[in-house]
Amino acid sequence: MTSKTVISPGERLRIELKDRGIKQKDFAKKIDIPYTMLNKFINGNRPVKADFALLLEKSLEIDADYWLNLQARYNLFRARNNS
């Protein structure tokens, strides 16, 4: 895997919201989480876990498995490059 093929879940979420014309604050309100928490996910300071992946699935209609696999792939990439 190269850095060009690996994207963080947060970056993917940022792109998805932008493509849909959804502001981050509006999205946080829609899924009923604090904006600061959403911002931590988007900026890579908080990993996507099952509960958040399910929120994304419900609100964006993108399978939770996709988000969890993206997080796992990103984690593996980071671990390989930090060792």
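Brief remarks follow.
- Amide H contacts of residue 63 (H built 1.01 Å from N, under 5 Å, at least 5 apart or other chain): none
- 3J(HN,Hα) along the stretch 46-56: 8, x, 7, 10, 3, 5, 6, 4, 5, 4, 5 Hz, from the Karplus curve 6.51 cos²θ - 1.76 cosθ + 1.60 with θ = phi - 60°, whole Hz, x for Gly and Pro.
- Per residue, the chain reaches -21000 deg cm²/dmol at 222 nm when only DSSP H runs of four or more residues are counted, each adding -39500 (n - 2.57).
- Nonlocal Lys pairs with alpha-carbon distance under 17 Å, the chain (8 or more apart, or different chains): 11
- Computed over the chain, the Cα gyration tensor eigenvalues convert (square root of 5λ each) into semi-axes of 22, 12, 12 Å, ordered from largest to smallest.
- Percent accessible area from carbon and sulfur atoms, the chain, protein chains only, probe 1.4 Å: 48 percent
- Farthest toward positive dipole pole in the chain [+1 Lys/Arg, -1 Asp/Glu at C-beta], among 79, 48, 21: 79
- At the residue level, residue 41 shows approximately 20 square angstrom of accessible surface with a 1.4 angstrom probe and all protein chains present.
- Normalised by the number of residues in the chain, the mean separation of alpha-carbon contacts (under 8 Å, six or more apart) gives a relative contact order of 34 percent.
- Backbone N within the stretch 50-79 under 11 Å of label point (7 Å from residue 22 Cα along the Cβ vector): 55-62
- Computed lengthening from residue 31 to residue 54, 0.36 nm per intervening residue step minus Cα-Cα distance: 7.2 nm
The values are calculated or read from the model by the stated rules, or taken from the named source; none is laboratory data. Note that this is a predicted model, so its numbers are computed, not measured. Quick reminder, even Gly has a Cβ in these numbers, built from the backbone with ideal geometry, and neighbours come from all protein chains shown. The protein model used for the area step is the full one, side chains on, heavy atoms only, and it has no ligands, DNA or RNA in it. Shrake-Rupley method; radii C 1.70, N 1.55, O 1.52, S 1.80 Å.
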